[in-house]
């Protein structure tokens, strides 16, 4: 996967060992619309395809070349504060659950089959939060990197699946703004 994304300036940042930063839009996409997620250099990195002619709202995260990487779909009979992300080729990539008790800050758990759960904490509605796996930072989400209205940044630490983290961020955004 990293080799396919290495075009367009990402390889230099990976080799330097730096985090990848992406520009996202709040309420990512209206169903039926398409949207490009750009990297910090303003180049198209991933496409979000909003499928309109479906019974359930569906967003598909695609590579720049159009390959389906992850699918985020509303589940009609699932617990209200749970959403699944499926791999492009099928199978569950992650399950996101909102914590039942959140005393001061919003808290979410992302379960990834075969890996340590991720904890999402911070101010979700204001897009100021972080994603951690135990003591390791996975990603940070913040509006402070971009001055454009309704835009926020996602900074992914090296060694993590950028597209999955962007899919998790988009799913949390949809769940928290319903």
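For residue 121 and residue 41, calculate 0.36 nm times their separation in residues minus their Cα-Cα distance, and state this gained length in nm to one decimal.
Computed gain between residue 121 and residue 41 is 26.1 nm.
Residue 92 to residue 19: FRET efficiency via 1/(1 + (r/R0)^6), r the Cβ-Cβ distance, R0 25 Å, to the nearest 0.05?
It comes out at approximately 0.40.
Bear in mind these aren't lab numbers, they're just calculated from the coordinates by the rules spelled out. Keep in mind it's a predicted model, so treat the numbers as computed, not measured. In this analysis, Cβ positions are derived from the backbone assuming ideal geometry, glycine residues included, and neighbour counts consider all displayed protein chains.
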